[in-house]
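Here is the structure we will look at, set down as structure tokens.
Any read-out appearing in this document is the output of simple, stated calculations on the displayed coordinates, not a laboratory observation. As the structure is a prediction and not an experimental result, all values here were calculated from the model. For neighbour counting, all protein chains shown are included, and Cβ atoms are generated from backbone atoms with ideal geometry for every residue, glycine included.
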Amino acid sequence: MNNMNEQHDLYENARARAKQKKRLYYHFVVFLVGAVFLILLNKLLKVGENVIENWFVWAIILWFFFFVLHFINVFFTHRFMGKDWERAQTEKLVMDQELKIEKLKKEMADEYALKAKKTQELYNFEKDKKEGDLSNATEEW
């Protein structure tokens with residue numbers, strides 16, 4: 001059963017990676033078509049020429065920057081922060097939570113024991129006081 005889960009996880013991971021790469025390639029094609037469109041818009045239709053000359057260069061550079069970030073995310077960051085990293089981080093956080101819970105349980109048990117001890121001491125004190133009062137009262141009679 002565990003082997004089937006591992007195979008399923010491998011399949012899902014491979015499928016997700018293929019989807020990421022497909023989106024990156026799609027982004028690249030849209031970037032190329034968009035860059036050509038921006039150049040044509042500026043050079044042939046003279047759009048935005050009176051505002052900033054060659055504005056399309058800045059737009060393409062900005063778009064290219066976002067494409068590079070996408071590329072880094074797919075091919076580099078994903079390796080370091082992929083499923084294995086996510087699983088390890090989750091296990092670490094769960095372990096930290098369990099340690100905190102155990103620490104709180106221990107503190108509560110210690111506090112309960114201390115309160116029980118103080119209550120017992122108070123009870124013994126009151127009992128001794130009553131016994132002392134009774135013995136004093138019987139002596140006076």
Cα centroid separation - the range 68-123 against the range 1-65, whole Å:
39 Å
Along Cα→Cβ, 7 Å out, is where each label goes; now give me the distance between the ones at Val68 and Val33 in nm to one decimal.
2.5 nm
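For Arg87 and Asn2, calculate 0.36 nm times their separation in residues minus their Cα-Cα distance, and state this gained length in nm to one decimal. Could the numbers behind the result be given before it?
Working: separation 85, 0.36 × 85 = 30.60 nm, distance 1.63 nm.
Stretched fully, the Arg87-Asn2 segment lengthens by 29.0 nm.
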With angles folded into 0 to 90 degrees, how steeply does helix 55-72 sit against the dominant principal axis of the chain? Use alpha carbons for both and round to 10.
50 degrees
Helix 83-140 axis, angle to the chain major axis (alpha carbon atoms, nearest 10°)
20 degrees
Using only Cα atoms, find the angle between the long axis of helix 2-43 and the longest principal axis of the chain, and express it within 0 to 90 degrees, rounded to the nearest 10.
40 degrees
Take the chain, connect every pair of alpha-carbon atoms lying under 10 Å apart with a spring to form a Gaussian network, then pick out the residue of Asp96, Asp84, Asp110 with the largest mean-square fluctuation.
Asp110
